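This report refers to the structure that appears directly beneath it.
The values are calculated or read from the model by the stated rules, or taken from the named source; none is laboratory data. Just so it is clear, the structure is predicted and the values come from calculations on it, not from any experiment. Reconstructed Cβ throughout: ideal geometry from the backbone, glycine too, with neighbour counts over all protein chains shown. Side chains included, ligands, DNA and RNA excluded: accessible areas come from the protein's heavy atoms. Shrake-Rupley method; radii C 1.70, N 1.55, O 1.52, S 1.80 Å.
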Amino acid sequence: MNVNAAIAAVAALAGLCTGVIAMLAFRWSEREQAKPTRSSLHTDAVLPPGVDTVLSVLRSSAVVLDEADAVVKASSAAYALGLVRGGKLAIEPMLAMARDTRRDGEIRQIELDLPRRGTGRGGDALAVSARVAPLGSRLVLLLVEDLTEARRIEAVRRDFVANVSHELKTPVGALSLLSEAVMDASDDPEAVTRFAGRMQVEATRLTSLVQELIDLSRVQNDDPLEDAEPVRVDELVAEAIDRCRHQAGTKQITMATGGTADLHVWGNRGQLAAALGNLVENAVNYSPARTRVGIAARRIPATGGDLIEIAVTDQGIGISEKDRERIFERFYRVDPARSRQTGGTGLGLAIVKHVAASHGGEVTVWSAEGQGSTFTLRLPEAGAARDRDRSRSESSESYDTGDLDGEDHGRPYETFTNEPLSAPEVLP
């Protein structure tokens with residue numbers, strides 16, 4: 001009996017120990033499960049309620065960091081900018097700012113220039129603004145705005161204002177000096193006549209500059225397709241020739257037209273006439289005396305509808321390769337001294353570029369120094385362009401410009417000059 005009692009006591013004690021151990025193991029397991037682990041910090045569960053939804057609709061690139069600087073949440077834009085790599089914030093200044101904010105709870109902001117992803121060149125830098133704020137007790141929120149486009153637009157605006165100020169200052173200053181000269185030479189009729197003539201030249205130049213600024217503003221801000229209509233290319237060419245009749249006659253320049261007849265484009269007649277007129281006027285102004293300026297049009301097939309090409313060819317001084325890349329910039333002149341002699345403002349080709357783009361087309365240039373230049377205006381044909389415009393209005397989709405990337409070999413429109421042309425108009 002004593003042996004049996006001892007065995008029972010030992011068995012009871014063993015069972016009690018086993019129960020205690022099991023209970024302790026269960027409690028320890030519960031405690032371990034309740035602890036936040038690294039894997040749990042990378043789930044949406046650790047974010048405060050509603051934060052995930054807010055981050056998903058923000059335009060800024062968003063990154064949420066935990067107390068170990070690991071990325072808990074990052075938007076697709078943050079990955080696209082290269083902010084997050086391998087689960088870590090890859091930009092050291094932002095990481096240092098996040099640590100300072102986690103330590104003292106202060107909101108911080110910084111602007112940085114970052115290399116574009118995949119490049120290390122300074123010219124490809126991205127301008128960003130980063131703002132860090134605490135998110136709860138353990139997390140930090142980083143918001144990054146891409147300022148690259150805003151800075152580019154600001155630089156364009158700054159350059160535009162500076163150029164306008166300079167261009168306006170020149171004729172205004174000349175008028176002021178000439179008016180003083182007229183007053184001083186009031187008793188000399190011949191001098192007064194000479195100075196008054198110069199004042200008329202400067203006043204005309206000032207008027208042209210102001211008008212072209214107005215035209216440029218209008219083509220940038222207005223939608224030309226609101227008042228679009230079929231426009232005959234022949235009429236545009238005739239209007240452009242009439243606009244340059246006096247200048248061409250003074251230099252004995254032959255104006256020749258050719259190509260395909262009875263073509264139509266779809267758009268704002270006034271803007272199209274101004275664009276083609278600028279191209280023809282440039283051709284006349286930059287051509288030597290007793291040369292020829294040709295204007296030809298043709299239809300070319302393209303994806304989404306046929307295009308109409310209008311080429312303006314001259315036998316002028318030509319444009320160097322480095323200048324061809326910039327001639328469509330506002331106020332850019334290949335030869336500033338010659339532009340002042342011809343009354344050029346440097347805005348004509350910028351207007352042409354904007355008109356072509358707003359009509360779903362483009363303008364290109366071929367040129368060789370000493371051989372002349374050919375400017376080609378490509379525009380959608382009236383029927384196809386009208387149908388696309390109506391489809392865009394009905395579906396609110398972007399305008400289909402078709403395939404505008406044709407390849408040119410050698411001087412464009414040589415075939416035009418080989419085709420029978422209408423009788424050249426030789427202006428006396």
Of the candidates SER176, SER186, SER217, SER208, the one satisfying the condition of being among the small types (Gly, Ala, Ser) and not in a helix (DSSP H, G or I) is SER186
Just to be sure I understand, how many residues within segment 256-285 are open to solvent by 10 Å² or more (accessible area, probe 1.4 Å) and in a strand (DSSP E or B)?
5
Tell me whether segment 55-62 contains one or more residues that are modelled with pLDDT under 80, in a helix (DSSP H, G or I), of a type in the set (Val, Ile, Thr) and closer than 17 Å to LEU135 by Cα.
no
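Results for (1) open to solvent by 30 Å² or more (accessible area, probe 1.4 Å); (2) touching a residue at least 40 places away in the same chain (Cβ under 8 Å), shown as yes or no for each residue.
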| position | (1), (2) |
| --- | --- |
| ASP69 | no, no |
| ALA96 | yes, no |
| GLY105 | yes, no |
| ASP113 | yes, no |
| ALA125 | yes, no |
| GLY136 | yes, yes |
| VAL140 | no, yes |
Looking only at segment 105-119, decide whether some residue is farther than 20 Å from LEU47 by Cβ, polar (S, T, N, Q) and in contact with a helix residue (DSSP H, G or I) (Cβ under 9 Å, 6 or more places away or on another chain).
yes
Does ARG152 satisfy the condition of being within 28 Å of GLU212 (Cα to Cα) and surrounded by 14 or more Cβ atoms within 10 Å (Cβ to Cβ)?
no
For residues in segment 286-341 being buried (at least 21 other Cβ atoms within 10 Å of the Cβ) and of a type in the set (S, T, N, Q), which is modelled with the highest pLDDT?
THR313
Would a scan of segment 183-206 turn up a residue that is closer than 30 Å to ARG108 by Cα and open to solvent by less than 40 Å² (accessible area, probe 1.4 Å)?
no
Looking at THR250 and the list (1) closer than 25 Å to ALA368 by Cα; (2) of a type in the set (S, T, N, Q); (3) open to solvent by 60 Å² or more (accessible area, probe 1.4 Å), which single condition is not satisfied?
(1)
